[in-house]
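What follows is one structure encoded as structure tokens, with my remarks underneath.
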Amino acid sequence: MLKNPNWKSIGTVLGETFIDCFYFSLKNYKAKKGDIVTTDSKVPSSEGKIIPVTVWGKISTIESSNAFFPTEAAQELTNEDIDIRDTILPTTRDELICKVVILGYTKDEDKSSKLLPLIYPVRPAATVKYPSSEDVEALLISDLNSSHPIYIGSLLAREAVKIRIDADNLVSRHVSIFGMSGSGKTVMVRRIMHEMLCKNYPMLVLDIHGDYLGFIQKQKELYPENKIKLFYPNLSVSSEDKEIIYTLIDKLGKPLTDPQKDFLNSLLEKVKYEGGSLLKYVKLLNQRAREYASEGSTSFKNIRPASMYVVARSLGQVAKKLENMEQTNFRHRKKMSKLKFVELADPATEPEKIISKGQLSILYLKGYETLPASAIVSILLENLFKHRQEVNEEIPPFLTIIEEAHNFIPSRSENKDDLPSVETIRKVITEGRKFGTGIMIISQRPSRLDETIASQCNSQIIFRMVNQRDQKATRDRSETLDVDDSKQLPNLANGQGIISGQVVNFSLPVQIKFDEKLINEDIGNENFIDTVENWDDSEAVKERQKFAQDFSDISDMDNRSAN
Amino acid sequence: MSSEISIKDKIKRNSSMFVNFVKSAVTASPKVQNNFLDVSAKVAETVLKIIKDADLVVDLNYKGKEFWSQNRCKTACFVDGGVDKTSIISSAPLSIRAGSYVVKPDATSKREYFEESMVFLGDLYDPKNELYDFIDDDFEEDQMLNKKKDGARIIFEAATIVKHILLNKKFDYCFLHGPIEGTVMPFSVPGFPTFTKFAVENMFPFAINKKTDVAARHFINVYLEALNYIKKGKFPIYGIVETSNSAPYVKNLLYNYKSQGKISDKDYNNFIKIIKKYKITDSHLLEIILSSGQALKPLEIKKQIQGFTVTAGSSWEDMMESFPKVFIGYIKTTDNNSPIRIESLNNSKNLIKDYEYILGTSRLLPNYGFPVGLNVVDKFAKIPNWMSKASRKYYATHLLRQAVKNKDQNTISLAVKILSKKARSWRNRPIGGITK
């Protein structure tokens, strides 16, 4: 029984009450928006008895008004620059009216603190009480009924109340984390990852910015029992799947005409490749295409060498861009020389190198453009999902964390839904619950996400969001987000979010615990002004500058006119 | 001529006089309609001439910030009463209260407080006399009910001020929302009930040792007692009225001029007839005559007058002379509103300062132009509908229970009548014509 005689009285229920909410008059400064409050009530039981219960609710809005302060008085105070405290106007008659969204009731006679849905309105004029932090915490955890709760932070309105979410639903029912840049999404993900690592749950993170590299740096200190692997992408292609070549040419190369496409088709059939590096394959195709063109090969009906050259040039462009991306990624990796990057294992043949018990795998995608990154993710997830589908499971259940998800699962309105990752993730998220392949999607632009995929996430963690379209998209795709809570989205501070869905029993405003030790030290902060102040040109730049003037003088002399 | 044009323009410029005329134009004769503007302009011009002759206009000083920094040390008390709005056949009112809002801006602690100075729930009037003698005619019953409510409110407000005096409160000012002395004539009708002994003793403890027989507990006697006590108060006490529906100031001014021989009896009588015919009140005239920030010095006016049809011949007629005279003045607080009426039982020695204080508190409501403290206490004292309904329901149920318990058929009938009595509603009116 969750009932404590020491709970402080903070207000009185107003005249009209409902099954789902009630209003009460609040004592000054005794509660805040988001606070959990209680009131004693009675409900009829199924046996026809009247039983005493404690009704629990969450303050969703607080309105303050001073009916004794006329609006037109403000006009005079402003115009005449009068201090209200010099006048006879009342300054102490603020009335605070709170709206409480009812969460449910607990029976006073029961030991369990399981919340039951309220079936009878609370009593008008009843006293509203402020339960102790321990009791609120006990209610939340008990009501969550989770065998694996994980700690993520505290109730926004009350720091002492620790909030835990249900890890079982988190890994199986999919979660979306939305919020504008710098609002606290990554802090939240790091928190979850930390807790899941402690539970040895395998995770795969698709990391574009290197936000999660801190886990590697702190592995020995914090996660000595876990394996944390840092992969860089290896764009591979299987002998059967050559569709990717068409997409790559379409997105990265020069668009082809029908005869040119015919030539590419024939080329793909003629050039044998047993599977492996995509870049090597593209280079091979480019070389063969040039050869056929220079020979003026007649083995391709009705195709002129000029068309073959176009295909070769397009394949060359693709190869160059892929090479550039690999190089960019390599340069970024080089900056973090202390970290050990390994090439991504083949998910088709060696999935256990990517997913295994207690392992965190981070795929560092920095430098890759959308399409290649999407292709990498698609191939990777497709293969891992296949392994989970097989009767003879080779890898355990795992959670995939997709950062900057709008790059991989863009909305149809973005005209990018032909990205290979869209179809793959749609399949994984729809069927994943059965196979233990949960997905966590993270984005600062929820309105740009694929609608089907976003609405498959049964839980949401929403941070500060100012963009109206994103707010609407978030509301539309969540069945459990409290309307009053959603109004708060633009005003949330860093690290403050609203959790709703199956990981919690009801929508909760939360202050996420900040794990300072998990920050990637190599990325550092975003204080670029300090960086410039302490800037010193690299040795190479200094060397170039040393001779630059000499070369410039030579050039000037050369360009002098005759007279 | 120029002043005439100006006054005519003022009248036409949506003055309350013009608005009132337009409202009553339906009933006014064509001649009155035709002459309205000329007559009312001339009346205003004449009154202005007399006011100037009597040197009654004073210019008040108000500079917002400066005024309040000088007056922040003053303690002001604002009083108003509230009666429930529910109609129930009984002695009524069921619930009534008078509230006070006391404020001293520069006080270091307890800068302001509200108090329910007088609260009453139940029968204020004595049930042993005419209280439960129901009048068969509903209209007459409603009339009496309203009088009872008004009487109760007036007594409660007076009692609140008496209480402050008795408790020796250190106020610099005390303001009542409404006249400082109401007209008692409506309560002199035969059958008007007396207050209970308990009520009188609680409202006016100084009357405990006096005889509290039935006659002494009648409204008129109790009220007179209260007014005499208020007159002796040590702080300035003013009643403030938003609009005047009659012309006591102008009538008395002209009466004084007539008494001094400055106006002939004939002119006086004609003037009185004219202002009655054209429904011209103090508010209408002074709104045009005074400018914002101007006031009229008070005139001493007798409020209770013998010889009215209601009091004439009644046993209360002689009492009328005993009531104190009232000092009535006006302040025009804003450009857009009628001047407010200021009433006091004493002629203040610091009249200008007092009026300036009233003007200052009114300027905090720059559109409404009424002392903001009275607006505040009005909201505080008002009995909301939900409270009225609740008290009516409680009272009626209690009465019926008692009736059934007593098994007295008459009491049961009475309770049923009370429970079934409902306010008239337009929705329940019979429909005319052919009904489907």
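Below, the figures for the structure above:
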| item | result |
| --- | --- |
| Cα-based radius of gyration of the range A:265-353 once divided by 2.2 N^0.38 Å, which approximates compact folds | 1.44 |
| Gain on full stretching of the segment that runs from A:D515 to A:R426 - 0.36 nm per residue minus C-alpha separation | 28.9 nm |
| Simple label model, 7 Å out from Cα along Cβ direction - B:N336 to A:R85, nm | 3.2 |
| Positive-end residue, chain A charge dipole about Cα centroid, Cβ charges, pick of A:V377, A:M336, A:I102 | A:V377 |
| Theoretical gain in end-to-end length, A:E159 to A:I19 [0.36 nm per residue, Cα-Cα removed] | 47.5 nm |
| C-alpha long axis of helix A:370-389 to longest principal axis of chain A, angle in ° | 70 |
| In degrees, nearest ten, helix A:185-198 long axis to first principal axis of chain A (Cα) | 90 |
| Between 0 and 90°, nearest 10: helix A:243-252 axis offset from chain A longest Cα axis | 90 |
| Surface accessible to a 1.4 Å probe, per residue, for the residues of the range A:8-145, Å² | 49 |
| Residues A:H209 and A:K542, FRET efficiency given R0 of 25 Å [Cβ-Cβ distance, rounded to 0.05] | 0.25 |
| Ordering of B:214-221, B:352-359 by packing [mean C-beta count within 10 Å, highest first] | B:352-359, B:214-221 |
| Within the range A:103-140, GluC sites (Glu not before Pro) in DSSP loop having at most 12 other beta-carbon neighbours inside 10 Å | A:E109 |
| Efficiency of FRET between B:V58 and A:K30 - r from beta-carbon atoms, R0 41 angstrom, step 0.05 | 0.20 |
| Candidate lysines for bridging to B:K297, where Cα separation is under 20 Å - those fewer than 8 sequence places away on the same chain excluded | B:K49, B:K52, B:K231, B:K251, B:K258, B:K262, B:K325, B:K332, B:K349, B:K353 |
| Rough spin-label spacing in nm, given labels placed 7 Å along Cα→Cβ, for B:C73 and A:R288 | 10.4 |
| For the range A:1-134, size of Cβ-based charge dipole, Lys and Arg +1, Asp and Glu -1, in debye | 960 |
| Hits among lysines - C-alpha to C-alpha of A:K340 under 22 Å, sequence gap 8 or more where chains match | A:K218, A:K220, A:K227, A:K229, A:K353, A:K357, A:K366, A:K517 |
| At R0 = 51 Å, FRET efficiency that the Cβ-Cβ distance of A:K472 and B:A215 yields, to 0.05 | 0.10 |
| The range A:145-178 and the range A:392-422: distance between their alpha carbon centers, rounded to Å | 24 |
| Rounded percent of accessible protein surface that carbon and sulfur make up, chain A, 1.4 Å probe | 48 |
| Residues of the range A:93-121 with amide N under 20 Å of a point placed 7 Å along Cα→Cβ from A:I50 | A:105-110, A:118-121 |
| Where labels lie 7 Å past Cα in the beta-carbon direction, separation of B:K349 and A:K386 in nm | 10.8 |
| Pairwise centroid distance, computed over Cα atoms, of the range A:7-25 with the range A:486-561, Å | 49 |
| Stretch gain in nm, segment A:K8-A:V342, where the contour uses 0.36 nm per residue and the Cα spacing is subtracted | 114.4 nm |
| About the Cα centre, charge dipole magnitude for chain A (Lys/Arg +1, Asp/Glu -1 at Cβ), debye | 1200 |
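The values are calculated or read from the model by the stated rules, or taken from the named source; none is laboratory data. Note that the structure is predicted; figures quoted are calculated from it, not measured. Every residue, glycine among them, receives a Cβ derived from its backbone with ideal geometry; neighbour counts consider all protein chains shown. Remember, those area values only see protein heavy atoms, side chains included, never the ligands or the DNA or RNA. Shrake-Rupley method; radii C 1.70, N 1.55, O 1.52, S 1.80 Å.
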